Amino acid sequence: MEIILIVVLALLVVALAVWVVFLEARHRQLAASFRALMTGRGGADLEATLLGFVARMDRIEQVTQAMESRVATLQVQQPYHVQHIGVVRFNPFADKGGDQSFVLAILDDHADGAVISALHSRSDVRVYAKPVVGGQSTYTLTQEEREAIARAMKPRA
């Protein structure tokens, strides 16, 4: 009976020794991986690398906030920028010349802006400008000027 007990204990000691050798090998692998992780690229440790990433993220957040502020400002200003242009060419003198005269409507998103009329004749060119507010003018608009405003404000596809 003592022999069986000694054999069982010997097998148990061998099994534990094998287990210790396995654990030691695994520990060395993990220690090597940990050293590689902590030294990082170019000798920078993980903490320094993470702090660098955090600093970059802070800068990116600041830039993003500045961009969002700029976009918000542009969204407020955008309706007041020239966005709509309409051109009508015509011949004011039925008996002579071609469609060299024109009306140019330059308007923002509120239909505010100006219409510029250029009347071409053989001897001269006359240019007129009229302010436009809400698609209307305090000056009498010609048919061509009203058409240019309508073309400018026509929805685009």
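For region 119-157, filtered to residues that are among the polar types (S, T, N, Q) and assigned to a loop (DSSP other than H, G, I, E, B), the residue that is farthest from residue 84 (Cα to Cα) is 123. Could you go through region 78-87 and let me know if any residue there is aliphatic (A, V, I, L, M) and loosely packed, with under 10 Cβ neighbours inside 10 Å. No, the conditions are met nowhere in region 78-87.
Each row is one residue, and each column tells you yes or no for (1) without any contact (Cβ under 8 Å) to a residue 60 or more places away in the chain; (2) among the β-branched types (Val, Ile, Thr); (3) in contact with a strand residue (DSSP E or B) (Cβ under 9 Å, 6 or more places away or on another chain); (4) over 15 Å from residue 90 (Cα atoms).
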position: 108; (1), (2), (3), (4): yes, no, yes, yes
position: 112; (1), (2), (3), (4): yes, no, yes, yes
position: 121; (1), (2), (3), (4): yes, no, yes, no
position: 127; (1), (2), (3), (4): yes, yes, yes, no
position: 139; (1), (2), (3), (4): yes, no, yes, yes
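The single condition among (1) assigned to a helix (DSSP H, G or I); (2) free of Cβ contacts under 8 Å to residues at least 24 places away in the same chain that residue 78 does not satisfy is (2). If you check 88, 76 for being out of contact with any strand residue (DSSP E or B) (no Cβ under 6 Å at 6 or more places or on another chain), of a type in the set (Val, Ile, Thr) and closer than 30 Å to residue 155 by Cα, only one passes: 76. Apart from one condition, residue 116 fits all of (1) part of a strand (DSSP E or B); (2) touching a Pro at 6+ places or on another chain (Cβ under 6 Å); the exception is (2).
Values in this text are rule-based calculations from the coordinates and carry no lab data. Everything numeric here is computed off the predicted structure, so don't read it as measured data. Methodologically, a virtual Cβ is constructed for each residue, glycine included, from the backbone with ideal geometry; neighbour enumeration extends over all protein chains shown.
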